[in-house]
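Shown next, in structure tokens, is the structure this report addresses.
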Amino acid sequence: MVPDELKQHIGKIDPPHVREVERGAIRRYADAVGNGNPLYFDEEYASESRYGTIIAPPGFFGWSMQSVPSSEGIIGLMTAMINAGYYRILDGGMSYEFFLPVRAGDIVIASPKVKDVNAKEGKSGTMMVCDFETTYLNQNGDLVAKAYQTLIGR
Amino acid sequence: MVKEQICWEDVEVGYELPTLEKIAHSLMLVKWAGASGDFNPHHYEEAFGQSQGTDGTIVHGLLKHAWLIQLVTNWMGDEGFMKKFSCQYRGIDYPRKMKTMNEPQDGDTWQCKGKITNKYVDGDDHCVDLEIGVVNGKGEVTTPGSATVILPSGEWQLDN
């Protein structure tokens, strides 16, 4: 059984998170991963590529776009989970559909939605499996990507 | 400069991507926290990690996801396009601690592996499906996944 205080978050969408895709942020991301692909930091190389400029690696906006505190959506549900005693939270997985490349200087607008919450019996008792769906648009209103993320509370 | 670019015709089902080796260590996790915006202390504070039911700090799932994306995107080259990606965090990975300010202690090395499971044409797109995964030091796949990539076909020519 999913407690009502968690269930009430299903279907809620965060206010849109609007972010400029900054060159420095792309470079730091690639550096943290240990990814030396020049498309992510070498403007001269990238300008001669099909993209014409530096791009963000796919998945760049996965979590960094979702870190805005909000009483709705993801943060709201996570707070409710902790309050309901499911305070041990683990990331379950991530899926994407990609439609367009993301270039440095683009504006990306992310709208994370709580898709579903399901109770599942695990080895250590009942777990709450939370599914999120995030839509990413760019400054032209074009669909850039969709992301599906699962967080598990125990 | 002639860029190396893999084409759809170059690969068959069963083709294995060059393995990408990674070492997760405390410094990398802190850098990842800053770069990704995931400041969950589970990834940098031992006692908090234990309170969460693990043996201390653990490697971010999303860092492993970024390794797998690197494996695929750097293999497919500038002309490839990743259409779909998915991975599941099935096993917990523990980072190496630091020996010096920037050198990790001896310990596990992770291998990111990929294999083509399907090859087909979808409309105008020449696609391959991949089975991918992060393998830990014991040979266990802690982060299995899949991806679909569009590759240039043989008619594609380098402009430069």
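The values are calculated or read from the model by the stated rules, or taken from the named source; none is laboratory data. From a predicted model like this one, the values you see are computed outputs, not experimental measurements. Backbone-built Cβ (ideal geometry, glycine too); neighbour counts: all protein chains shown. Please note that ligands, DNA and RNA were not included when accessible areas were found on the heavy atoms of the full protein model with its side chains. Shrake-Rupley method; radii C 1.70, N 1.55, O 1.52, S 1.80 Å.
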Hits in the range A:3-28 - residues which are closer than 30 Å to A:Arg154 by Cβ and open to solvent by 20 Å² or more (accessible area, probe 1.4 Å):
A:Pro3, A:Asp4, A:Glu5, A:Lys7, A:Gln8, A:Ile10, A:Gly11, A:Lys12, A:Ile13, A:Pro15
Could you check how many residues of the range B:47-63 are over 27 Å from B:Gly133 (Cβ atoms) and either away from every other protein chain (no Cβ under 12 Å) or touching a Cys at 6+ places or on another chain (Cβ under 8 Å) (or both)?
1
Output the number of residues of the range A:127-147 satisfying the condition of being free of Cβ contacts under 8 Å to residues at least 40 places away in the same chain, not acidic (Asp, Glu) and not in a loop (DSSP other than H, G, I, E, B).
4
Matching residues in the range A:89-113 - criterion: being in a strand (DSSP E or B) and within 11 Å of chain B (Cβ to nearest Cβ)
A:Ile89, A:Leu90, A:Asp91, A:Gly92, A:Gly93, A:Met94, A:Ser95, A:Tyr96, A:Glu97, A:Phe98
Looking at (1) touching a His at 6+ places or on another chain (Cβ under 9 Å); (2) of a type outside the set (Ser, Thr, Tyr); (3) more than 28 Å from B:Ile150 (Cβ to Cβ), which is the one condition that is false for A:Gly59?
(3)
Residue count, the range B:11-43 (criterion: more than 19 Å from the chain's Cα centre (by Cα), modelled with pLDDT of 95 or more and open to solvent by 60 Å² or more (accessible area, probe 1.4 Å)):
2
Have a look at A:Asp116, A:Asp142, A:Asp131 and point out the one that is within 14 Å of another protein chain (Cβ to nearest Cβ) and either on the phi > 0 side of the Ramachandran plot or open to solvent by 30 Å² or more (accessible area, probe 1.4 Å) (or both).
A:Asp131
Being open to solvent by 10 Å² or more (accessible area, probe 1.4 Å), touching a residue at least 60 places away in the same chain (Cβ under 8 Å), in contact with a Phe, Trp or Tyr (Cβ under 8 Å, 6 or more places away or on another chain) and more than 26 Å from A:Ala46 (Cα to Cα), is that true of even one residue in the range B:67-80?
no
Output yes when any residue across the range B:88-111 is farther than 25 Å from B:Ala33 by Cα, open to solvent by 10 Å² or more (accessible area, probe 1.4 Å), in contact (Cβ under 8 Å) with a residue 40 or more places away in the chain and not in a loop (DSSP other than H, G, I, E, B), and no when none is.
no
Among the residues of the range A:46-69, is any assigned to a helix (DSSP H, G or I), more than 12 Å from every other protein chain (Cβ to nearest Cβ), under 30 Å from B:Gly91 (Cα atoms) and at pLDDT below 95?
no
Scan (1) more than 15 Å from the chain's Cα centre (by Cα); (2) modelled with pLDDT under 95; (3) assigned to a helix (DSSP H, G or I); (4) within 13 Å of chain B (Cβ to nearest Cβ) for the single condition A:Ile75 breaks and write down its number.
(1)
Scope the range A:101-127; condition in contact with a helix residue (DSSP H, G or I) (Cβ under 6 Å, 6 or more places away or on another chain) and modelled with pLDDT under 95; matching residues
A:Ala110, A:Pro112, A:Val114
Among what's in the range B:27-46 and is under 20 Å from B:Lys99 (Cα atoms) and free of Cβ contacts under 8 Å to residues at least 12 places away in the same chain, pick the residue that is farthest from the other protein chains (Cβ to nearest Cβ).
B:Glu46
Might you let me know whether the range A:79-92 holds any residue that is open to solvent by 60 Å² or more (accessible area, probe 1.4 Å), free of Cβ contacts under 8 Å to residues at least 12 places away in the same chain and either more than 24 Å from B:Gly91 (Cα to Cα) or of a type in the set (D, E, K, R) (or both)?
yes
Quick check on this structure: which one of B:Gly137, B:Gly80, B:Gly56 is on the phi > 0 side of the Ramachandran plot and over 15 Å from the mean Cα position of the chain (by Cα)?
B:Gly56
Taking the range B:83-93 and keeping residues under 11 Å from the mean Cα position of the chain (by Cα) and of a type in the set (Gly, Ala, Ser) leaves B:Ser86
Can you name the residue in the range B:112-128 that is within 23 Å of B:Trp67 (Cα to Cα) and among the β-branched types (Val, Ile, Thr) and is also most open to solvent (accessible area, probe 1.4 Å) among such residues?
B:Thr117
